[in-house]
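See structure below.
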Amino acid sequence: MSLDKCAVIYYSKSGRTKQVAEAIKARTNADMYLVEPEEAYGGYLASIIKVGKEKLTRRPAKLKTQIADFMGYDVIFIGFPVWYGTLPPFFQEYIKQCDLKGKRIIPFATSGGTGKSGSLNTLKELLPESEIDINNYYFATGSSKPDVNAWLDNIN
Ligand SMILES: Cc1cc2nc3c(=O)[nH]c(=O)nc-3n(C[C@H](O)[C@H](O)[C@H](O)COP(=O)(O)O)c2cc1C
């Protein structure tokens with residue numbers, strides 16, 4: 001598959017997911033779209049509490065990043081840390097508002113231990129009209145760090 005014209009939409013609080021995003025950029029020259037909340041999250045515990053509240057009240061943090069136009073891309077990588085078993089709430093808001101109809105979506109995520117099924121279900125709900133590339137979902141859980149270049153080389 002040609003990854004000549006692809007975009008990476010991602011968020012990373014503490015840098016682990018960012019490393020994967022940057023490795024994709026280094027290999028494919030993708031355009032990068034970093035999605036950020038209006039107010040940066042603090043440390044781990046403060047973030048757990050804040051996001052817990054967001055989930056209880058169903059009010060995700062406001063977005064700092066504007067919705068971009070992804071018309072010119074066929075392949076979009078979407079990357080995030082797993083929060084409460086799935087995508088961070090504000091990041092879900094961003095994805096939901098983008099027009100990604102008919103696009104091939106290649107997810108990548110990092111987590112402390114949780115597996116990929118929760119985020120996969122969320123992605124399917126958020127993007128019912130996109131082609132989510134389940135087989136090529138890059139997932140680094142715990143301290144594992146699958147090779148990004150080997151993963152990209154195997155995408156076809
Ligand atoms: C608010 C919050 C919620 C989290 N929830 C989970 C979770 O449900 N399952 C899990 O395995 N890890 C969870 N983590 C850990 C992160 O997924 C993990 O540290 C990730 O690799 C961080 O990526 P980053 O460095 O790109 O931010 C959570 C971390 C935070 C800050």
- Message: Between helix 16-28 and the chain, what is the angle of the helix's C-alpha long axis to the longest principal axis, kept within 0 to 90° and rounded to the nearest 10?
- Response: 20 degrees
- Lys and Arg at +1, Asp and Glu at -1: neighbours of I134 with Cβ under 10 Å from its Cβ sum to 0
- Item | Portion, in percent, of the accessible area of the chain that falls on carbon or sulfur, probe 1.4 Å | 48 percent
- Note on the structure: If amide H atoms are modeled at 1.01 Å from N in the peptide plane, then the residues at a separation of 5 or more from T110, or on another chain, having amide H under 5 Å from its own are F80, V82, A140
- Note on the structure: With x for Gly and Pro, the residue-by-residue ³J(HN,Hα) of segment 64-78, computed from phi through the Karplus equation 6.51 cos²θ - 1.76 cosθ + 1.60 at θ = phi - 60° and given in whole Hz, is 8, 7, 7, 5, 9, 9, 9, 3, x, 10, 9, 10, 10, 8, 10
- Low-density loop cleavage sites - chymotrypsin sites (Phe, Trp or Tyr not before Pro) in segment 14-102, where at most 14 other Cβ are within 10 Å (DSSP): Y84
- Note on the structure: Once Lys and Arg are counted +1 and Asp and Glu -1 for all other residues with Cβ under 12 Å from that of V75, the total becomes -2
- Note on the structure: Measuring from its Cα centre, the chain shows a charge dipole (+1 at each Lys and Arg Cβ, -1 at each Asp and Glu Cβ) which, in debye to the nearest 20, is 560 debye
- Message: Tell me which trypsin sites (Lys or Arg not before Pro) from segment 52-156 have a DSSP coil assignment and no more than 12 other beta carbons within 10 Å of their own.
- Response: R58, K62, K101
- Note on the structure: Once the in-chain neighbours fewer than 8 apart are removed, the aspartates and glutamates whose Cα is under 16 Å from K50 read E36, E38, E39
- Message: Let me check against my output: what whole-number percent is the relative contact order of the chain, with C-alpha pairs under 8 Å and at least 6 apart?
- Response: 24 percent
- Filtered GluC sites (Glu not before Pro), segment 59-156: DSSP coil and at most 15 other beta carbons within 10 Å: E129
- Charge dipole (debye, nearest 20) of segment 69-156; +1 at Cβ of Lys and Arg, -1 at Cβ of Asp and Glu: 240 debye
- Helix-derived [θ] at 222 nm for the chain: sum -39500 (n - 2.57) over DSSP H runs of at least 4, divide by residue count, nearest 500? -10000 deg cm²/dmol
- Query: What net charge do the residues around G42 carry, taking every other residue with its C-beta under 12 Å from that of G42, with Lys and Arg at +1 and Asp and Glu at -1?
  - Reply: +1
- Task: Can you tell me the 0 to 90 degree angle between the C-alpha axis of helix 117-126 and the longest principal axis of the chain, rounded to 10?
- Result: 80 degrees
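The values are calculated or read from the model by the stated rules, or taken from the named source; none is laboratory data. Predicted model only: the values in this text are computed from it and were never measured. Neighbour counts are summed over all protein chains in view; Cβ atoms, including those assigned to glycine, are modelled from backbone coordinates with ideal geometry. Calculation scope for accessible area: heavy atoms of the full protein, side chains included, ligands and nucleic acids excluded. Shrake-Rupley method; radii C 1.70, N 1.55, O 1.52, S 1.80 Å.
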